[in-house]
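Visitor: Dropping the structure in here first, questions after.
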Amino acid sequence: MKDISRFSPLTETTFYILLALVEPLHGYGIMEKVKNLSSNRIRPGPGTLYGALANLLDSKLIVPAKEGRENSRRKIYRITQAGKELLEYESRRLEENVRISKSVLKKD
Amino acid sequence: MDIRDNRTTKRIFKLFFAWGEEKEEKWLEERSLKGWHLYRVGFLNYKFVKGLPKRFIYKFDFRLFSRKSEDEYLAIFKDAGWELIDIFASWYYFRIDPEVHGESEFDIYNDNLSRIKKYQRILLFILIVNGPALYFLIPYLIEKTFAAQSTPYTVLYAIILVLIALIESFLIYAVIRFIILIRRLRNNIRQ
């Protein structure tokens, strides 16, 4: 397995899309879930979502889920093991950012 | 949609420059407020159908696709409330009804990185289609113009050369406009 950090940092939208896919979802399901997870702060546009899904598929961070076949019009996606590793890597990176910024801001 | 049946339609000829698409999208929105709704896009022209004045928001996307990916792409747009109006020369024309979808702002892209990628696709397309013209056709025509033995042929080659040079100059201008757009988006600190 190559170093997962080469995909970091993800854009905020891509981060949340990947996070949403810890359960299998189709495009619209992802949009709704990202809105909910981010308290409506991030609302993926369909153009951005489509592009992000294509990139995540190319990088094998998500795969089409098998359940998708029964419904031909909508593809269903789910996260891969590599995708999960990337999420954990990103969480640690963001945590570090929070920790550092808090300690710097406290000094002022 | 069968809005075309027995309804007044009108065609408007208009130059559309893709680097000024926001203005174009606004213009279409204003047309729909007057009851003229876009339903067909052609070369330098739009077709409108007369209906009730109603606000629609228009957005254009640029994509080069295989059929299979296009289905998924269109399904995602449809689910998000965007109605496909027409496809013309790899441009996808969408509209949304802002009353049905109660958002404060409507866009098919929500971050600058994906907006930049769209303009990069357009740039790549221009270069692939016109690269050969710039590198082979123009030098070939210059050579032909000077090598031609009889005056009519010299004139003919010269005319073709000037026409192609004009088209290419326009495309170089377009490339510069897109590079400026990409730079502006890139310099925006917000991702």
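The values are calculated or read from the model by the stated rules, or taken from the named source; none is laboratory data. Because the structure is predicted, anything quoted here is derived from the model rather than measured. FYI the Cβ positions are ideal-geometry reconstructions off the backbone, even for glycines, and counts take in every protein chain you see. To get the accessible areas, we keep the full protein, side chains included, count just its heavy atoms, and leave off ligands, DNA and RNA. Shrake-Rupley method; radii C 1.70, N 1.55, O 1.52, S 1.80 Å.
Visitor: Given only helices, namely DSSP H runs of n ≥ 4 each adding -39500 (n - 2.57), what is the per-residue ellipticity at 222 nm of chain B, to the nearest 500 deg cm²/dmol?
Guide: Taking each H run of at least 4 residues, the total per residue is -17000 deg cm²/dmol.
Visitor: Take the alpha carbon atoms of the stretch B:96-156, find their radius of gyration, then divide it by 2.2 N^0.38 Å using N residues; give the quotient.
Guide: 2.22
Visitor: How many percent of all Cα-Cα pairs in the protein assembly as shown sit more than 27 Å apart?
Guide: So the portion of pairs separated by more than 27 Å is 55 percent.
Visitor: Normalising by the residue count of the stretch B:113-191, find the relative contact order in percent from Cα pairs under 8 Å and 6+ residues apart.
Guide: 45
Visitor: Here is a follow-up. In whole percent, and with a 1.4 Å probe on the protein chains, what portion of the accessible area of the protein assembly as shown is carbon and sulfur?
Guide: 57
Visitor: Once B and A are treated as a pair rather than alone, how much accessible area drops out, both sides summed, in Å² to 100, probe 1.4 Å?
Guide: Approximately 1900 Å² gets buried when B meets A.
Visitor: Additional query: Restricting to Cα pairs below 8 Å that are 6+ residues apart, what does the relative contact order work out to for the stretch B:1-114? Please round to a whole percent.
Guide: 23
Visitor: OK, next. Pairs of Cα atoms under 8 Å, at least six residues apart: use those to get the relative contact order of chain A, whole percent.
Guide: 31
Visitor: Follow-up. Suppose we keep just the alpha-carbon trace of the stretch B:51-174; what are its Rg and Dmax in angstrom?
Guide: Rg and Dmax of the stretch B:51-174, Cα atoms, are 21.6, 70 Å.
Visitor: How many nm is it between the label spots at A:GLU95 and B:LEU166, if each spot is 7 Å from the Cα in line with the beta carbon?
Guide: Taking the two extended label points, one gets 6.6 nm.
Visitor: How large is the charge dipole for chain B, taken about the Cα centre, if only the Cβ atoms of Lys, Arg (+1) and Asp, Glu (-1) carry charge, to the nearest 20 debye?
Guide: That gives a dipole near 380 debye.
Visitor: What accessible surface, in Å², does a 1.4 Å probe find on B:PHE17, ignoring ligands, DNA and RNA and rounding to the nearest 10?
Guide: Counting only protein heavy atoms, the figure is 80 Å².
Visitor: Rounded to the nearest 0.05, what FRET efficiency do A:SER5 and B:ARG177 give with R0 = 41 Å and r taken as the Cβ-Cβ distance? Could you check?
Guide: About 0.65, to the nearest 0.05.
Visitor: Once you place label points 7 Å from the Cα toward the Cβ at A:VAL63 and B:LYS10, how far apart are they in nm?
Guide: Spacing of the two 7 Å Cα→Cβ label points: 5.6 nm.
Visitor: Mind giving me the FRET efficiency for B:GLU99 and B:VAL129? R0 is 41 Å, r the Cβ-Cβ distance, nearest 0.05 is fine.
Guide: So, using R0 = 41 Å, E works out to roughly 0.55.
Visitor: Compute accessible area for the stretch B:38-83 by itself and then with all protein chains, 1.4 Å probe, and report residues whose area falls by 30 Å² or more.
Guide: Listed in order, they are B:ARG63, B:GLU72, B:ALA75, B:ILE76, B:ASP79, B:ALA80.
Visitor: Oh, and also: Using protein chains only and a probe of 1.4 angstrom, how many square angstrom of A:ARG99 are accessible, to the nearest 10?
Guide: Accessible area of A:ARG99: about 140 Å².
Visitor: Right, something else. At 1.4 Å probe size, with no ligands or nucleic acids counted, give the accessible surface of B:LEU156 in Å², nearest ten.
Guide: In the full protein context, B:LEU156 sits at about 90 Å².
Visitor: If you take all C-alpha pairs in chain A, what percent of them are over 24 Å apart?
Guide: 28
Visitor: Compare B:TYR92, B:TYR135 by solvent-accessible area with a 1.4 Å probe and give them largest first, with all protein chains kept in place.
Guide: Ranked list, largest accessible area first: B:TYR135, B:TYR92.
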